[in-house]
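The values are calculated or read from the model by the stated rules, or taken from the named source; none is laboratory data. Because the structure is predicted, anything quoted here is derived from the model rather than measured. Every residue, glycine as well, gets a Cβ built from its backbone with ideal geometry; the counts of neighbours run over all protein chains shown. Quick note on the areas: whole protein, heavy atoms, side chains included, nothing else; ligands and nucleic acids left out. Shrake-Rupley method; radii C 1.70, N 1.55, O 1.52, S 1.80 Å.
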Amino acid sequence: MIRPPLFSTPFRLLGAAACLSALLPSAPAQSLKDLQTPSKPLVLKAQGSFFIGGEKSEQSRVELGGLGPGGHITVHQMYVRYMIPQGGNKLPVVMVHGATLTGKSWETTPDGRMGWDEYFVRNGHPVYVPDQVGRGRSGFNQALFNNVRAGTAPPDRLPNILRFSDEVVWPNFRFGASPGAPYPETQFPVHAVDALSKQGVPDLRFGGLPSPNPTLKALSDLAVQLNGAVLMGHSQSGPFPLAAALLQPSAAKALILVEPGRCPANYNEEQIKTLATIPGLVVFGDYRDTPTGISTRPSWQESFESCQQLIGRLTAAGGHARMLNPPALGIRGNSHMIMQDKNNLQIANLILNWIGERLGKRRASP
């Protein structure tokens, strides 16, 4: 690993593709020829997938969609894909994706470069990439829709299904101030925005999941089963490592919050004392003052400042928490999708360096 210097939500709009095509030159769809092959092979001890959590649900024929008689199914389970490096001796890292996305966020970038999942494995860390409960290969509870269709539940019981339009993504993810107008220093590969759009999935977390979100317990349970792990969240899941750590503090070896939508301000002193025992790193990109176009978050600078306040509380309680702010290091142009930016491995090196400083080469033995 290259050792860097030490560092001191609306529905998809109809006609979105047509609107964006007027703003951008046409870009070819991503294909196999776009994928970059590393010069060195990736050597794994093991790779695979599994589910964690979930609960049995007895459902009627109607709730099951009429394909067969009523019976029992499993709901609220979390899918996890993993890679374990051959000869790796470092702590596992769990990477959780953000809103309207899946674990694909951490994999091969939209323009075909190496993602953080593979890069962390190549640097000795077993990596576990979940799809949040209710998203992607974790599935969702179809009974919520079938009951409304059958008239046994009112329409207002349907969950609000979220997607980001391609137009909203530009300012919200900070590729540019408006669609088709990238910042001169942007690090996101804007020619691959169409490929990023394909990563979007329906997000049913508002009304489609019980409270608290089952993903939180699944994450803490996963960390326990791994005998300790570094928990990394992004955007909507940015605060998830904190919540999972409060459920099982001894299993969370480090907390990494990548561009979190917010850093909670309502932790009591006992919770702060607990979180202060775990090393924490918050990571934010550039252009945070960009108006997002989303009423609940006028700009990402507000999120940045909420995390600075949390870091201050943790530090005052004796914790080791810090902000990784690339612009302060002279690294300009990083977007909200920092793990997919053109300099994603440079940012990954900064994070890996921090993990090495905080945790050394201690290994968990699952």
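Residues that are within 30 Å of Asp286 (Cβ to Cβ) and open to solvent by less than 30 Å² (accessible area, probe 1.4 Å) number at least 2 in the following helices (runs of 4 or more DSSP H) confined to region 143-208: 166-172, 193-197.
With respect to being in a loop (DSSP other than H, G, I, E, B), of a type in the set (Ser, Thr, Tyr) and either in contact with a helix residue (DSSP H, G or I) (Cβ under 6 Å, 6 or more places away or on another chain) or crowded, with 22+ Cβ neighbours inside 10 Å (or both), Thr274 falls outside the description. With respect to the conditions (1) closer than 21 Å to Leu350 by Cβ; (2) open to solvent by 10 Å² or more (accessible area, probe 1.4 Å), Pro212 falls short on a single one, namely (1).
With the condition kept exactly as written, say whether any residue in region 23-45 is touching a Phe, Trp or Tyr at 6+ places or on another chain (Cβ under 6 Å) and under 28 Å from Ala244 (Cα atoms). Checked region 23-45: no residue is touching a Phe, Trp or Tyr at 6+ places or on another chain (Cβ under 6 Å) and under 28 Å from Ala244 (Cα atoms).
Residues that are open to solvent by 10 Å² or more (accessible area, probe 1.4 Å) and of a type in the set (Val, Ile, Thr) were ranked within region 89-108; the one that is nearest to Leu257 (Cα to Cα) is Thr102. Candidates Asp117, Asp111, Asp131: the one that is surrounded by fewer than 21 Cβ atoms within 10 Å (Cβ to Cβ) and among the charged types (D, E, K, R) is Asp111.
Of the residues Val80, Val75, the single one that is assigned to a strand (DSSP E or B) and either open to solvent by 40 Å² or more (accessible area, probe 1.4 Å) or over 27 Å from Ala153 (Cβ atoms) (or both) is Val80. Residues in region 300-316 that are open to solvent by less than 50 Å² (accessible area, probe 1.4 Å), more than 20 Å from Leu162 (Cβ to Cβ) and either under 20 Å from the mean Cα position of the chain (by Cα) or among the hydrophobic types (A, V, I, L, M, F, W, C) (or both): Gln301, Phe304, Ser306, Cys307, Leu310, Ile311, Leu314. Going residue by residue through region 47-58, is there one that turns out to be surrounded by 11 or more Cβ atoms within 10 Å (Cβ to Cβ) and either assigned to a loop (DSSP other than H, G, I, E, B) or modelled with pLDDT under 95 (or both)? Within region 47-58 (the criterion being surrounded by 11 or more Cβ atoms within 10 Å (Cβ to Cβ) and either assigned to a loop (DSSP other than H, G, I, E, B) or modelled with pLDDT under 95 (or both)), the answer is no, since none of the residues qualifies.
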